[in-house]
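For reference, the structure discussed in these notes is given below.
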Amino acid sequence: MKLLILFLAIWTLFALQARITQADEVNSCEWRARSSDIDRDTYSESDTEEEINFGREIAARILGQFKMAGNAKLQKYVNLVGTAVSRNCNRPDLVFHFVVIESSEVNAYSTPGGYVFITTALLEKMGNEAELAGVLAHEIGHVSERHIVKELSLRGTEKSAVSSIAALLGGASKSAEIAFLQAVDKAVELILRDGFKKEDELQADSSAVLLCALSGYDPEGLVTLLDKIGKIKTGVGKTYPVYDVRLATLQKVISDEGISHMKLALNTERFVKAMQVEKGSNPLSIIQKVISGGVHE
Ligand SMILES: [Zn+2]
């Protein structure tokens, strides 16, 4: 009898576990299907090409205004986390790049085509890898949903990317190059000064929750980080939604999608270790070690 009870207890446990796993699989299938539904047929290859060219130019401008953090190990670590998250987004046509820039501004930026920047000041506010993944996923969200492309109404045509931007700006009398550079100026202003529309921020947050969960990171990381940032500043740009609205939206998505019961990673130890390397090392000495063969990565 005791054996039968034990057998039944174990069987129930397994059945329950299987149901939870099945529910998670259904969820992740739904998330993938939903995210890849967006704009599937409305953008062509030439649109993507234009998007990447345009984004590269904006990224060069941003890099012209900030200094890249000199620590190669830190850059590599942030890139690894970002790349892992970006593999689950709905833009297999893009290769994402992640760059740490030196700035006392607590912020992250992204350009069309997949260039993501995160400041050293924002990294210093973080306590685990899930918080880093959350911020990178939010920026990936802006890129994958083409928020800047849509804001500036950029759209590729059968003509070249540059001529379509020229047409957009009504630049018939100006050279296509000037029109292109004007569009770049506008985008840089939007990214560094004005900020995204409230709806875009909330959409990037919602998609970050799903992206983090799909990548195995606890989306609560984005919640705890936003909570910390919200306490030290009220927002970037005139249209940036206030932090409590963003926090409420994040919590709602996490609860609606049934993510709270999933055991997802924070990776605190790995993050702390990566940050210690950042604080305690001289970038030049690391580069010298790599050159002399002292560091194998
Ligand atoms: Zn944003």
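Within the set D200, D205, D185, the sole residue that is over 21 Å from L226 (Cα atoms) and either under 29 Å from the mean Cα position of the chain (by Cα) or modelled with pLDDT of 95 or more (or both) turns out to be D185.
Looking only at residues that are touching an Asp or Glu at 6+ places or on another chain (Cβ under 9 Å) and aliphatic (A, V, I, L, M) in region 164-182, which one is modelled with the lowest pLDDT?
Filtering region 164-182 down to residues touching an Asp or Glu at 6+ places or on another chain (Cβ under 9 Å) leaves 164-166, 180-181.
Okay, now just the ones that are also aliphatic (A, V, I, L, M), so 165-166, 181.
Working: I165: 55, A166: 49, L181: 85.
The qualifying residue modelled with the lowest pLDDT is A166.
The values are calculated or read from the model by the stated rules, or taken from the named source; none is laboratory data. Being a predicted model, the structure only gives us computed values, none of them experimental. Neighbour counts are summed over all protein chains in view; Cβ atoms, including those assigned to glycine, are modelled from backbone coordinates with ideal geometry.
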